[in-house]
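J.: My questions will all concern the structure given below.
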Amino acid sequence: MQASERTAGVGIVLDQIHHRYAGSTAVESVSLDIPAGELVALLGPSGCGKTTLLRIVAGLLRQSGGHVRIGGEVVDALPTNERGAGIVFQNYALFPHMTVADNVAYGLRARGVAAQQARATAAQMLAMVRMADYGKRYPRELSGGQQQRVALARTLAVRPRVLLLDEPFAALDKNLRLDMQIEIRRIQRELGITTILVTHDQDEAMSMADRIAVMHAGVVEQFDTPEAIYDRPATLFVATFIGTANLLPGQLRSAEGGYAVDCAAGGAIALERAAPCSRVGSVVVAARPENLVLAASSVGALPARVEMVLPLGPSLVYELALATGGTIKVTQPRSAGQLRYEAGEQVGVRLRPGAPAGVFAG
Ligand SMILES: Nc1ncnc2c1ncn2[C@@H]1O[C@H](COP(=O)(O)OP(=O)(O)O)[C@@H](O)[C@H]1O
Ligand SMILES: [Mg+2]
């Protein structure tokens, strides 16, 4: 790829975006600053407002309030093509009666690019998505993953300044999805094109995005790197939506070496730090299974009974019953010499020294 083919990355700024559909609020005061060249995932459950927000950035929907800036310019009044936004949806909707090459050249021809130049650019785009040999075929002669590559080539052919992807892999089976995720990430990096990816799939967001905006009920609850979101969730919703979290309700107090939570299920959990909530009183601790450790003694720990032990490749997953009737999961490496507990045994659960845990007002 020639340097001149790179899109000069442009930033996207969302400033206090609101959107109401007749009677209901879909997006509430969303402010995001997306640096040029980054891939940002909008992640959240179905109905949380991801598509609404993406359509607002694309210029397909006019927001009820707030502003969209692309490359420093307010684009609120501009239609999609004048914003330089290229969009790929789950349903790639190629023109069935046109060859693959004509599909990719279509947007260029519509913009008045001469036939020969449009053909050359289309061929170049098809090569980029590794579909160079498929130009003469028709969409029906391609697999779902191949059609999605062509849709991406068609979108990129007109050199959008930003790439907007709405669940583009949702219709693909698992292996194809992984291939396409890798491919899109490669192309996105090569072009340096600022990209927003809408997904409800946390693994997809975690593996592809430079930064993730976790959405819940129209609000962005956290905007941060995948690692920060996993290790330091800002809200209880983020802690439970991303990865697995054991929720331990109790009373926070200060203690030697930091804090302790007297657990509703008996015993206590010692913490070096209490964040984001450090206020003494009712809290919920959210702890990842790999950040908890087991010991034979439950003194100064959370008492639990081993219900099940699942050897899962390199790990042992323990399912443990608490006195309150709930269960928690603890994952330990399955290394030689590691003490192993069996179903029925009483154990004490602690937070691994130095490991993060979220503390939230309960
Ligand atoms: N055209 C519409 N008219 C009215 N309500 C809508 C419309 N589109 C979406 N909604 C509602 O707005 C909320 C957010 O929807 P959407 O942005 O599609 O969420 P997501 O993409 O996260 O699943 C939902 O409650 C949905 O029912
Ligand atoms: Mg959606």
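J.: Please compute the length gained on full extension between Asp15 and Arg62, using 0.36 nm multiplied by the number of residues separating them and subtracting their Cα-Cα distance.
T.: Taking Asp15 through Arg62 to full extension adds about 15.5 nm, to one decimal.
J.: Ok, one more. Between Ala127 and Glu272, what is 0.36 nm times their sequence separation minus the Cα-Cα distance? Round to one decimal in nm. Don't skip to the end; give the middle numbers.
T.: Values: separation 145, 0.36 × 145 = 52.20 nm, distance 5.32 nm.
That works out to 46.9 nm of additional length.
J.: Put a dot 7 Å past each Cα toward the Cβ at Ala321 and Ala343; how far apart are the dots in nm?
T.: Each label point lies 7 Å from its Cα, and together they span 1.1 nm.
J.: I need the fraction of alpha carbon pairs in the chain separated by more than 32 Å, rounded to a whole percent.
T.: Every Cα pair in the chain considered, those over 32 Å come to 45 percent.
J.: By a straight-distance test (C-alpha under 13 Å), which aspartates and glutamates pair with Lys174 as possible cross-link partners, with residues fewer than eight away in the same chain excluded?
T.: Within reach: Asp201, Asp203, Glu204.
J.: With the contact rule set at Cα under 8 Å and sequence spacing of 6 or more, what percent relative contact order holds for the chain? Working shown, then result.
T.: Values: 805 pairs, mean separation 57.8, N = 362.
Value for the chain: 16 percent.
J.: Top mean-square fluctuation among Gln148, Gln90, Gln202, Gaussian network model of the chain, C-alpha springs under 10 Å?
T.: Gln90
J.: Could you compute the longest span of the chain free of trypsin sites (Lys or Arg not before Pro) located in DSSP loops and having at most 14 other Cβ atoms within 10 Å, not counting the site residues?
T.: My reading of the result: 137-272 is the longest stretch.
J.: Which of His200, His97 comes first, and how do the rest follow, when ranked by fewest Cβ neighbours within 10 Å?
T.: The most exposed by this proxy come first: His97, His200.
J.: If you don't mind, another one. Take the alpha carbon atoms of the stretch 140-164, find their center, do the same for the stretch 175-224, and report the distance between the two centers in whole angstrom.
T.: The two parts, judged by their Cα centres, are 17 Å apart.
J.: Here is a follow-up. Based on the Cβ-Cβ distance from Asp201 to Leu247, what FRET efficiency comes out when R0 is 22 Å, to the nearest 0.05?
T.: Between Asp201 and Leu247 the formula returns 0.45.
J.: Tell me, what is the FRET efficiency for Arg279 and Asp231 to the nearest 0.05, using R0 = 22 angstrom and their Cβ-Cβ distance as r?
T.: 0.55
J.: Along the Cα→Cβ direction, 7 angstrom out, place labels at Glu82 and Phe95. What is the inter-label distance in nm?
T.: The modelled label-to-label distance comes out at 2.5 nm.
J.: Once amide H atoms are built 1.01 Å from N in the peptide plane, which residues 5 or more positions from Met131, or in another chain, come under 5 Å H to H?
T.: Here the answer is none, since no amide H 5 or more places off falls under 5 Å of that of Met131.
J.: Moving on. Calculate the FRET efficiency for Arg137 and Ala336 from the Cβ-Cβ distance with a Förster distance of 56 Å, rounded to the nearest 0.05.
T.: It comes to 0.55.
Bear in mind these aren't lab numbers, they're just calculated from the coordinates by the rules spelled out. Not measured: the values here are computed from a predicted model. Cβ coordinates were reconstructed from backbone atoms using ideal geometry, including for glycine residues, and neighbour counts include every protein chain displayed.
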